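Below you will find the structure I want to go over with you.
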Amino acid sequence: MIWPETLAREIVKERCIFFLGAGISASSVGPAGNSPPTWKEFLAAACDLVTDTDLRKEIEKLIAERKYLVALQAIKDNSDRARYHDFLNRNFNAPYQPSRLHEIIYDLDSRIVLTANFDKIYEGYCLSYRPGGKPLHKVIDYTSEALADELRDNTRLLIRAHGSINDVRQMIFTRSEYHAAKRRYGSFYEILKALFITNTIVFLGCGMDDPDILLLLEDVHILGRHEKPHYALVRSGEANSVTIKDWLETYNVKVLEYGPKYEDLVPALDQLLELVNNERAGYIVTKPAS
């Protein structure tokens, strides 16, 4: 895989933010050998919460058409609340072990990592104590009033753009939850927009169909210049040429294809880590004394 020449330098100089999607969590494994579900897998299983057979068939059709937010809204609206919350906990609060992908992302050492995931896999890895390791992270979600102050500090941040399984009530999962969050926590989305304008965003394990993120990218694209794109890592052949062109022209997101299998993401990121470590070593040597 050929990485952009400037990306390693942007990571070292802390001008790059990683955005983690469900594909990163799906690389983990639990005690029973199971992995966190992808969006499609989660919704397919959640359909069982809907007891109305005809309605369940309509929701399954929405899932097949990749209308995930509409499908989930219908599942939530037509499910027993207690069963729905229990289903979320069973899927996102299980003791999954961090994968090699989590380790590489941590070692790349971006000061800010954004995540749309609800599980605590990467959070647990960041907060675990390792002698001689990098500084510990602070975890902040979209409801926090401290984000602006933390960004002005040197703290390493894991920002939960959609909330956490720690508080099911604050999870942004359905379309109505998106709208409610934007009304109530508008300052978070202004800060997020500023981060997208001033940094290179690298999307890892994201399907690039999150309407919240796409709208933000479109706004940022309208406001800014386009010499420096954001990047989305996708499997070879997963996105067709029309989609790839649209992402670049509409959202200023350049697709980087890493291989035909999900497992190919590991050696691709290992290669990036080597480039970053080499750049970091050179930067330390040539950095002027303060």
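The values are calculated or read from the model by the stated rules, or taken from the named source; none is laboratory data. Every value quoted in this text rests on a predicted model; they were computed, and no experiment measured them. FYI the Cβ positions are ideal-geometry reconstructions off the backbone, even for glycines, and counts take in every protein chain you see. Heavy atoms of the whole protein, side chains included, go into the accessibility calculation; ligands, DNA and RNA do not. Shrake-Rupley method; radii C 1.70, N 1.55, O 1.52, S 1.80 Å.
Quick check on region 28-54: of everything there that is open to solvent by 40 Å² or more (accessible area, probe 1.4 Å) and touching a residue at least 60 places away in the same chain (Cβ under 8 Å), which residue is farthest from Ile75 (Cα to Cα)?
The initial filter retains those residues of region 28-54 that are open to solvent by 40 Å² or more (accessible area, probe 1.4 Å), namely 29, 31-35, 38-41, 44-45, 48, 51-54.
Now restrict to residues that are touching a residue at least 60 places away in the same chain (Cβ under 8 Å): 29, 31, 34-35, 39.
Numbers: Val29: 26, Pro31: 28, Asn34: 23, Ser35: 22, Trp39: 14 Å.
The residue in question is Pro31.
Only one of these is open to solvent by 30 Å² or more (accessible area, probe 1.4 Å) and part of a loop (DSSP other than H, G, I, E, B): Gly163, Gly207. Name it.
Criteria check complete, one pass: Gly207.
Conditions tested, residue by residue: (1) among the β-branched types (Val, Ile, Thr); (2) open to solvent by 20 Å² or more (accessible area, probe 1.4 Å); (3) in contact with a Phe, Trp or Tyr (Cβ under 6 Å, 6 or more places away or on another chain).
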residue: Arg111; (1), (2), (3): no, yes, no
residue: Thr155; (1), (2), (3): yes, yes, no
residue: Leu158; (1), (2), (3): no, no, no
residue: Thr174; (1), (2), (3): yes, no, no
residue: Tyr178; (1), (2), (3): no, no, no
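Another question, if that's okay. Just checking, how many residues over region 249-285 are aliphatic (A, V, I, L, M), out of contact with any helix residue (DSSP H, G or I) (no Cβ under 6 Å at 6 or more places or on another chain) and open to solvent by less than 80 Å² (accessible area, probe 1.4 Å)?
So the answer is 5.
Given the criterion more than 27 Å from Leu114 (Cβ to Cβ), open to solvent by 30 Å² or more (accessible area, probe 1.4 Å) and not aliphatic (A, V, I, L, M), identify the matching residue among Lys57, Lys67.
Lys57
Quick one: Arg100 ticks every box in (1) open to solvent by 60 Å² or more (accessible area, probe 1.4 Å); (2) more than 30 Å from Glu14 (Cβ to Cβ); (3) in contact (Cβ under 8 Å) with a residue 12 or more places away in the chain except a single one, so which number is it?
Every condition holds for Arg100 apart from (2).
Does region 228-246 hold any residues that are touching a Phe, Trp or Tyr at 6+ places or on another chain (Cβ under 9 Å), closer than 16 Å to Gly23 by Cα and not hydrophobic (A, V, I, L, M, F, W, C), and which are they?
Matches in region 228-246: Tyr231, Arg235, Ser236.
Would you pick out the residues in region 114-128 that are part of a loop (DSSP other than H, G, I, E, B) and either under 25 Å from Leu214 (Cβ atoms) or in contact (Cβ under 8 Å) with a residue 12 or more places away in the chain (or both)?
Listed by number, the residues that qualify are Ala116, Asn117, Phe118, Asp119, Lys120.
Taking the conditions exactly as written (closer than 16 Å to Thr174 by Cβ and among the hydrophobic types (A, V, I, L, M, F, W, C)), does Leu114 satisfy them or not?
no
Exactly one condition in (1) touching a Leu at 6+ places or on another chain (Cβ under 8 Å); (2) crowded, with 18+ Cβ neighbours inside 10 Å; (3) modelled with pLDDT of 90 or more is false for Arg83; which is it?
Unmet condition: (2).
Continuing with this model, one more query. Kindly provide the set of residues from region 215-243 that are aliphatic (A, V, I, L, M), open to solvent by 20 Å² or more (accessible area, probe 1.4 Å) and at pLDDT 90 or above, ordered by number.
Selection gives Val242 alone.
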